[in-house]
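K.L.:
Can you keep this structure in mind? I'll have questions shortly.
The values are calculated or read from the model by the stated rules, or taken from the named source; none is laboratory data. Here the structure is a predicted model, which means the values were calculated and not measured. All Cβ positions, glycine included, derive from the backbone under ideal geometry; neighbour counts span all protein chains shown. For the accessible areas, the whole protein counts, side chains as well, though only heavy atoms, and no ligand, DNA or RNA atoms are used. Shrake-Rupley method; radii C 1.70, N 1.55, O 1.52, S 1.80 Å.
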Amino acid sequence: MPDPLTASFPPAFLWGAATSAYQIEGAVREDGRTPSIWDTFSHTPGKTAGGDTGDLAVDHYHRYRDDVALMADLSLSAYRFSVSWPRVQPTGRGPAVQVGLDFYRRLVDELLAKGIKPAVTLYHWDLPQELEDAGGWPERDTAYRFAEYAGIVGEALGDRVEQWTTLNEPWCSAFLGYGSGVHAPGRTDPAATLRAAHHLNLAHGLGTSALRAVMPARNQVAISLNSAVVRPLSQDPADLAAVRKIDDLANGVFHGPILHGSYPPSLFEATASVTDWSYVQDGDLAAVHQPLDALGLNYYTPALVSATAETAAGPRADGHGSSDHSPWPGADDVTFHQTPGERTEMGWTIDPTGLHELIMRYTREAPGLPLYITENGAAYDDKPDPDGNVHDPERIAYLHGHLSAVRRAITDGADVRGYYLWSLMDNFEWAYGYGKRFGAVYVDYATLTRTPKSSARWYAEAAR
Ligand code: FCB
């Protein structure tokens, strides 16, 4: 019997799953690929749980055919993956390596042959190390390098891939990579964080133009943002001001220039002691403010904040890992609180109302722009039972709750065209290594055998 909830979605709704290159591919030294910042970071002692790296990951580079067959078995209508920049342009500049591009050509052909819509993300955090050595995202030139790379991939795959995403969660690249340092390249410099954010915005804009210059006009270009749902601890004006500050640093810093062509003035005020923003050059905002065909939203959990008189000490409850350095420049007067309620293995509170709120916000702020949920999902401590089956009722409940929120938003007038579960299969969860399992498919890391969990079967039924 089809689930009445999932059966009520529009017929063209995409039922997808998502992954990213460094988290699944492995084959880090093959076919001319050079190190990315994540190779360097994960090989630096103390940076990832258990010293885990993506060297082998789940070996998708060699097993992609079986993985696509699995997707077909699960009746997925779409698959979101990312291209590894150092695999197709090892030094981050100059001509492409065709064998690297060939991997993605074969992957896309395999997907299309099975009737699965490919959705390409150009950048899911694996900057070529050579570009980081030249200054990384705080350097303006990195944005130009990204545009060149976007043109290369657009030319190679634009004839057969319609859905394009420039950047995945630029917030994490800038604020976790250069602010708190829990992500590669692991720098902890508040001013560099905001410079990185601006150059990521510029990269998005220039990359969008570069894609459009080489691709058929029917293709859709989007960006995937992990826009935060920020709630106040109380209605006290100081707590509302704290919400405003975090909202600017999490959301306004990206959707301001991308959707509206300007940074929020309150962001400039709040960060005045950190940076003067003089790297925003004439013409940049127009370059960033490209018309988009869609917007990708990644959602996991909401944030709860208050104002505080003293600098918050100890671990922050913002859900972004532990570091002595805050990822929030200019917001030392804001405290993050644990949102009440049941949590996943990541410690993230389960709250589907946040997803509904987020969708409705962008429905208001970007009227007419189709929305995709490009990531949503949960980590649980999944284990096979003696028969080798993996039962994950908590994940089914999580997905059901969040899909209900999407359905409700559609009823309320939102134009949501698809949902990509994070993740297709268990994989390298960045600084958490392989300890956190987000997959609908279980991966035995000793044998790399894939076993669909009960959530995968449930989702397949929904997709059908
Ligand atoms: C998102 C990332 C994705 C994965 C999930 C759990 O922030 O885009 O790669 O790590 O979180």
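K.L.:
Answer yes or no: is there a residue in segment 41-51 that is at pLDDT 95 or above, on the phi < 0 side of the Ramachandran plot and in contact with a strand residue (DSSP E or B) (Cβ under 8 Å, 6 or more places away or on another chain).
P.N.:
For segment 41-51, residues at pLDDT 95 or above, on the phi < 0 side of the Ramachandran plot and in contact with a strand residue (DSSP E or B) (Cβ under 8 Å, 6 or more places away or on another chain): absent.
K.L.:
Say whether the condition of being among the aliphatic types (A, V, I, L, M), outside any loop (DSSP other than H, G, I, E, B) and under 28 Å from residue 415 (Cβ atoms) is met by at least one residue in segment 328-351.
P.N.:
The answer is no; no qualifying residue exists.
K.L.:
Among the residues of segment 371-396, how many are part of a helix (DSSP H, G or I) and under 22 Å from the mean Cα position of the chain (by Cα)?
P.N.:
Number satisfying all stated conditions: 2.
Yes/no per residue for (1) surrounded by fewer than 18 Cβ atoms within 10 Å (Cβ to Cβ); (2) closer than 18 Å to residue 82 by Cβ; (3) more than 11 Å from the ligand (Cβ to nearest atom); (4) not β-branched (Val, Ile, Thr):
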site: 416; (1), (2), (3), (4): no, no, yes, no
site: 423; (1), (2), (3), (4): no, yes, no, yes
site: 428; (1), (2), (3), (4): no, yes, no, yes
site: 433; (1), (2), (3), (4): yes, no, yes, yes
site: 437; (1), (2), (3), (4): no, no, no, yes
site: 442; (1), (2), (3), (4): no, no, yes, yes
site: 445; (1), (2), (3), (4): yes, no, yes, yes
site: 449; (1), (2), (3), (4): yes, no, yes, no
site: 452; (1), (2), (3), (4): no, no, yes, yes
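K.L.:
Also, I was wondering about something else. Test residue 59 against the stated conditions and say whether it is at pLDDT 95 or above, under 23 Å from residue 438 (Cβ atoms), surrounded by fewer than 22 Cβ atoms within 10 Å (Cβ to Cβ) and out of contact with any Gly (no Cβ under 9 Å at 6 or more places or on another chain).
P.N.:
In short, no.
K.L.:
Same structure again: Scan segment 115-139 and report the pairs whose first residue is among the basic types (Lys, Arg) and at pLDDT 95 or above and whose second residue is open to solvent by 10 Å² or more (accessible area, probe 1.4 Å) and in a strand (DSSP E or B), with Cβ atoms within less than 8 Å and a gap of 6+ or a chain change.
P.N.:
So the pair list comes out as 117/14; 117/163.
K.L.:
Are any residues in segment 207-231 open to solvent by less than 40 Å² (accessible area, probe 1.4 Å) and away from the ligand (no atom under 16 Å from the Cβ), and if so, which ones?
P.N.:
207, 208, 210, 211, 215, 219, 221, 230 - these are the residues of segment 207-231 that are open to solvent by less than 40 Å² (accessible area, probe 1.4 Å) and away from the ligand (no atom under 16 Å from the Cβ).
K.L.:
Quick one: which of 68, 99, 58 is within 20 Å of the chain's Cα centre (by Cα), on the phi < 0 side of the Ramachandran plot and not in a strand (DSSP E or B)?
P.N.:
58
Yes/no matrix, rows are residues, columns are (1) over 18 Å from the mean Cα position of the chain (by Cα); (2) surrounded by fewer than 21 Cβ atoms within 10 Å (Cβ to Cβ):
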{"residue": "114", "(1), (2)": "yes, yes"}
{"residue": "139", "(1), (2)": "yes, yes"}
{"residue": "143", "(1), (2)": "yes, no"}
{"residue": "146", "(1), (2)": "no, no"}
{"residue": "150", "(1), (2)": "no, no"}
{"residue": "156", "(1), (2)": "yes, no"}
{"residue": "162", "(1), (2)": "yes, yes"}
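K.L.:
So, one more: Taking the conditions exactly as written (open to solvent by less than 20 Å² (accessible area, probe 1.4 Å), at pLDDT 95 or above and either part of a loop (DSSP other than H, G, I, E, B) or in contact with a strand residue (DSSP E or B) (Cβ under 9 Å, 6 or more places away or on another chain) (or both)), does residue 193 satisfy them or not?
P.N.:
In short, no.
Here's the yes/no breakdown for (1) within 22 Å of residue 50 (Cα to Cα); (2) of a type in the set (Val, Ile, Thr):
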residue: 369; (1), (2): no, no
residue: 373; (1), (2): no, yes
residue: 413; (1), (2): no, no
residue: 416; (1), (2): no, yes
residue: 420; (1), (2): no, no
residue: 431; (1), (2): yes, no
residue: 436; (1), (2): yes, no
residue: 440; (1), (2): no, no
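K.L.:
Return the residues of segment 128-172 that are part of a helix (DSSP H, G or I), within 16 Å of the ligand (Cβ to nearest atom) and farther than 13 Å from residue 203 by Cβ; say none if nothing qualifies.
P.N.:
Of everything in segment 128-172, those that are part of a helix (DSSP H, G or I), within 16 Å of the ligand (Cβ to nearest atom) and farther than 13 Å from residue 203 by Cβ turn out to be 171, 172.
K.L.:
Could you tell me which numbered condition residue 388 fails, if it satisfies all but one of (1) open to solvent by less than 40 Å² (accessible area, probe 1.4 Å); (2) within 16 Å of the ligand (Cβ to nearest atom)?
P.N.:
(2)
K.L.:
While we're here: Return the residue satisfying two criteria in turn: it lies in segment 353-373 and is of a type in the set (Val, Ile, Thr) and open to solvent by less than 10 Å² (accessible area, probe 1.4 Å), and of such residues it is farthest from the ligand (Cβ to nearest atom).
P.N.:
Step by step, filter segment 353-373, then rank; the result is 359.
K.L.:
Which one of 122, 107 is aliphatic (A, V, I, L, M) and in a helix (DSSP H, G or I)?
P.N.:
Of the residues listed, the single one that is aliphatic (A, V, I, L, M) and in a helix (DSSP H, G or I) is 107.
K.L.:
With the condition being over 15 Å from residue 85 (Cα atoms), I'd like the helices (runs of 4 or more DSSP H) fully within segment 1-47 carrying at least 2 qualifying residues.
P.N.:
4-7, 37-42
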